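Q: Would you mind keeping the following structure in view while I ask a few things?
A short reminder: the numbers here are calculations on the coordinates, not readings from a lab. Model, not experiment: these values are computed from the prediction. Cβ atoms come from the backbone with ideal geometry, glycine included; neighbour counts cover every protein chain shown.
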Amino acid sequence: MYNEIDFDKIDIDSKPPLEEPARQYYFIERCRERVKDFEQKNGRLPKACVTTFGCQMNARDSEKLRGILKQIGYEEASEGEADFVIYNTCTVRENANTRVYGRLGQQKPRKKKHPHMMIGLCGCMMQEPEVIEKLRKSYRFVDLIFGTHNIYKFAELLFDRFEAGEQIIDIWEGTDKIVEQLPNKRKYAFKSGVNIMFGCNNFCSYCIVPYVRGRERSRKPEAVLEEIKRLTKDGVTEVMLLGQNVNSYGKTLDTPMTFAELLQKIEKIEELKRIRFMTSHPKDLSDELIEVMKSSKKICRHLHLPVQSGSTRILEKMNRRYTKEEYLALVERLRSAVPDISLTTDIIVGFPGETEEDFKETLDVVRKVRYDSAFTFIYSRRTGTPAAAMEEQIPEEVVKDRFDRLLKEVQTIAGEVCAVHEGTVQEVLVEEISGQDDACVTGRLSNNLLVHFPGNASMIGSYVKVNLKECKGFYYIGELV
Ligand code: 5AD
Ligand code: SF4
């Protein structure tokens with residue numbers, strides 16, 4: 001286990017070990033020497049900042065990067081103060097890429113002023129060959145560029161950058177490797193994301209993820225369980241199991257196991273109080289899983305179930321492999337098994353060929369399901385995906401109009417759905433001091449809604465009963481009971 005490694009005992013005069021993670025421990029130690037040099041020269045430790053774009057998988061990867069940086073000796077700082085700035089990028093929609101180029105533009109003059117500064121780029125956007133081409137040509141000031149498959153080699157790549165003194169680019173096309181036991185630094189002491197699988201095999205026709213995250217690979221159940229047990233010993237009581245499609249967990253293991261079976265094993269970990277997971281693909285959500293959710297005391301009453309579109313015709317073009325009716329029937333089964341379940345979703349508007357009729361089908365699903373909240377996206381054309389080559393891309397003003405109408409519908413319904421819990425007493429996990437009022441804390445309900453109520457920092461990480469006095473649309477104002 002990495003927290004039992006005595007880094008001082010690593011012999012850095014010997015050759016780097018070939019096996020992982022020992023090899024990375026070795027390079028962490030080698031990087032540490034560089035940090036010590038920096039400290040001697042500057043009278044302070046160097047500062048680093050990891051900025052995350054995109055999803056929870058990226059957020060979890062960033063925790064790993066922060067863990068490695070901490071072990072190397074970096075202090076955490078804001079982006080504007082850091083000697084080493086790392087952007088962990090997303091490329092699911094074009095505007096994610098645009099934002100990264102914008103940030104790089106901001107860092108360039110800073111780096112000119114402070115030449116010792118380093119800039120790193122990693123994550124999904126780096127898996128796109130056109131991006132690398134552009135960075136190679138026009139962004140020579142970026143020091144270190146790596147992708148999603150070799151993130152575990154961060155320490156080694158950083159060391160290579162120190163040695164080479166010039167831009168390092170290392171992108172892999174894929175991997176079947178999962179490296180366990182690397183350092184990581186959690187954002188919250190009491191809850192944590194836990195990867196259960198990587199990659200995606202679904203190839204929804206609009207989505208770039210299978211190309212940048214590679215084929216589906218599940219972590220071994222023993223590794224997942226061991227990590228969660230270790231986390232609970234460290235004070236964690238809530239885990240979020242992460243994967244692009246958790247419902248197909250275990251299919252690629254030597255001894256296959258279903259996601260429902262994995263959940264049952266996780267449920268047995270005594271100190272654990274709450275289990276969440278995302279993302280669920282409707283086509284793979286089994287009745288076995290619904291049964292497990294129904295009888296579970298720990299699985300939270302929330303399911304994120306991306307619908308993407310309400311039109312069977314568009315769903316087929318999206319390669320989602322379910323119809324509108326099948327999706328609605330699934331919601332029905334879920335609701336009859338777990339009546340108080342909160343449902344959230346992702347919806348794309350303006351997919352190629354989407355007609356007003358198709359869009360109305362989407363509105364119809366929204367009205368029938370009555371989601372607790374929905375992430376609505378304007379379709380973004382991603383090079384290399386089948387949808388990018390489809391004819392009938394929808395004009396911007398039509399998409400914008402549909403998007404506004406959808407958002408209004410989603411928000412009105414979500415406000416009504418949220419309000420149904422008003423006046424009830426619920427158990428919440430206290431997460432942090434409220435951003436709006438220092439005298440209040442913010443807690444999360446099992447169904448993922450937030451409640452602000454009077455409290456103080458000593459309550460963070462504990463479970464308390466709160467009266468949900470007033471619904472404010474998407475959150476509550478409450479009081480301890
Ligand atoms: N355009 C718009 N939204 C997209 N998503 C994935 N690819 C695209 C795209 N090309 C959305 C889907 C997915 C969420 C994470 O991002 O709704 O569920
Ligand atoms: Fe993309 Fe579909 Fe895989 Fe989700 S399931 S990551 S939308 S390809």
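Q: Given the pairs Lys47/Lys177; Lys112/Lys185; Lys36/Lys111; Lys233/Lys297; Lys191/Lys298, which are separated by over 25 angstrom at their Cα positions?
A: On the way: Lys47/Lys177 31 Å; Lys112/Lys185 30 Å; Lys36/Lys111 21 Å; Lys233/Lys297 20 Å; Lys191/Lys298 14 Å.
From the list (Lys47/Lys177; Lys112/Lys185; Lys36/Lys111; Lys233/Lys297; Lys191/Lys298), the Cα-Cα distance tops 25 Å for Lys47/Lys177; Lys112/Lys185.
Q: 222 nm [θ] for the chain, helices only, -39500 (n - 2.57) per DSSP H run of 4+, per residue, to 500? All intermediate terms of the calculation are to be shown ahead of the outcome.
A: Working: 13 runs with 173 residues, N = 481.
Value at 222 nm, helices only, nearest 500: -11500 deg cm²/dmol.
Q: Could you check the simple spin-label distance between Glu356 and Lys9, using points 7 Å along Cα→Cβ, in nm with one decimal?
A: 7.4 nm
Q: Determine the gain in length on full extension of the stretch Lys265-Glu391; use 0.36 nm per residue of separation and subtract their C-alpha separation, reporting nm with one decimal.
A: Difference between extended and current length: 40.6 nm.
Q: When every alpha-carbon pair in region 1-158 is counted, what percent end up more than 18 Å apart?
A: Details: 7380 of 12403 pairs.
Percent of Cα pairs beyond 18 Å in region 1-158: 60.
Q: So, one more: Quick check: Cα centre of region 215-281 to Cα centre of region 406-452, how many Å?
A: What the calculation gives is 26 Å, centre to centre.
Q: Then there's this: I want the antiparallel fraction of DSSP beta bridges within the chain, as a percent rounded to 5. Don't skip to the answer; put the middle values down first.
A: Values: 22 of 64 bridges.
If I count the DSSP bridges inside the chain, around 35 percent turn out antiparallel.
Q: Go through Gln127, Gly174, Val92 and say which Cα lies farthest out towards the positive end of the charge dipole of region 91-197; charges sit on Cβ, +1 for Lys and Arg, -1 for Asp and Glu.
A: Value computed over the given set: Val92.
Q: Additional query: With a point put 7 Å past each Cα toward its Cβ, work out how far Glu326 is from Glu130 in nm, to one decimal.
A: A separation of 3.2 nm, rounded to one decimal place.
Q: Something else about it: Find the relative contact order for region 267-311 and round it to a whole percent, using C-alpha pairs within less than 8 Å whose residues are 6+ positions apart. Kindly include the intermediate steps, with their values, before the conclusion.
A: Numbers: 31 pairs, mean separation 24.2, N = 45.
Relative contact order, region 267-311: 54 percent.
Q: Return, in residue-number order, each cysteine of the chain whose C-beta is not under 4.7 Å from any other cysteine's C-beta.
A: By the Cβ distance rule, which asks for a partner under 4.7 Å, the isolated cysteines are Cys31, Cys49, Cys55, Cys90, Cys122, Cys124, Cys200, Cys300, Cys418, Cys440, Cys471.
Q: Need the full-extension length gain, His114 to Leu480, defined as separation in residues times 0.36 nm minus the C-alpha distance. One decimal, nm. It would help to have the intermediate numbers written out before the result.
A: Values: separation 366, 0.36 × 366 = 131.76 nm, distance 5.01 nm.
Taking His114 through Leu480 to full extension adds about 126.7 nm, to one decimal.
Q: Under a Cβ-Cβ cut-off of 15 Å, what is the net charge of the residues other than Tyr476 that fall near it, where Lys and Arg count +1 and Asp and Glu count -1?
A: Numbers: positive: Arg444, Lys465, Lys469, Lys472; negative: Asp372, Glu416, Glu422, Glu427, Glu431, Asp437, Glu470, Glu479.
Combined, the nearby Lys, Arg, Asp and Glu give -4.
Q: Let me ask another. Please give the FRET efficiency for Glu288 paired with Glu163, using the beta carbon to beta carbon distance and R0 = 41 Å, rounded to the nearest 0.05. The partial results should precede the final answer.
A: Details: r = 52 Å, r/R0 = 1.26.
Taking R0 as 41 Å, the efficiency between Glu288 and Glu163 is 0.20.
Q: How big is the convex hull of the Cα atoms of region 361-475, per residue, in Å³?
A: On the way: hull volume 17.7 nm³, N = 115.
Measuring per residue, one finds 154 Å³ for the Cα hull of region 361-475.
Q: Turning to a different aspect of this structure: Which whole-number percent of Cα pairs in the chain have a distance greater than 40 Å?
A: On the way: 27749 of 115440 pairs.
For the chain, the share of Cα pairs beyond 40 Å comes to 24 percent.
Q: What share of all Cα pairs of region 200-299, in percent, falls into each consecutive 10 Å distance bin?
A: Binned Cα distances yield the sequence 15, 46, 31, 8, 0.
Q: Can you compute the equivalent ellipsoid semi-axes for region 128-240, i.e. the square root of 5 times each eigenvalue of the Cα gyration tensor, sorted largest first and rounded to whole Å?
A: On the way: eigenvalues 177, 83, 31 Å².
For region 128-240, the ellipsoid semi-axes come out as 30, 20, 12 Å.
Q: Another question, if that's okay. Net charge near Lys153: determine it from the other residues with C-beta under 11 Å of the C-beta of Lys153, scoring Lys and Arg +1 and Asp and Glu -1.
A: On the way: positive: Arg23, Lys177; negative: Glu20, Glu156, Asp160, Asp170.
Here the count lands on -2.
Q: Something else now. Express in nm, to one decimal, how much length is gained between Thr383 and Lys400 on full extension, taking 0.36 nm for each residue of separation and deducting their alpha carbon distance.
A: On the way: separation 17, 0.36 × 17 = 6.12 nm, distance 2.14 nm.
Extra length available between Thr383 and Lys400 comes to 4.0 nm.
Q: Here's another thing I want to ask about it. Treating the beta-carbon of each Lys and Arg as +1 and of each Asp and Glu as -1, no other charges, what is the dipole magnitude of the chain about its Cα centre, to the nearest 20 debye?
A: In total the dipole reaches around 560 debye.
Q: Based on the Cβ-Cβ distance of Asn448 and Leu253, what FRET efficiency does E = 1/(1 + (r/R0)^6) give at R0 = 35 Å, to the nearest 0.05? The partial results should precede the final answer.
A: Values: r = 29 Å, r/R0 = 0.83.
FRET efficiency, Asn448 to Leu253: 0.75.
Q: Modelling each spin label as a point 7 Å along the Cα-to-Cβ direction, I'd like the Glu75/Asp176 distance in nm, to one decimal.
A: Between Glu75 and Asp176, the label points sit 4.6 nm apart.
Q: Could I ask something else about it? Using alpha-carbon positions, what is the distance between the centroids of region 138-213 and region 342-397, in Å?
A: Cα centres, region 138-213 to region 342-397: 29 Å.
Q: Given Val481, Gln40, Ile290, which one lies farthest toward the positive end of the charge dipole of the chain, if we put +1 on the Cβ of every Lys and Arg and -1 on the Cβ of every Asp and Glu?
A: So the residue furthest toward the plus end is Gln40.
Q: Follow-up question, since we're still on this one. State, as an integer percentage, the relative contact order of region 334-481 based on alpha-carbon contacts under 8 Å between residues 6 or more apart. Write out the running numbers ahead of the final one.
A: Working: 254 pairs, mean separation 29.2, N = 148.
Here the relative contact order equals 20 percent.
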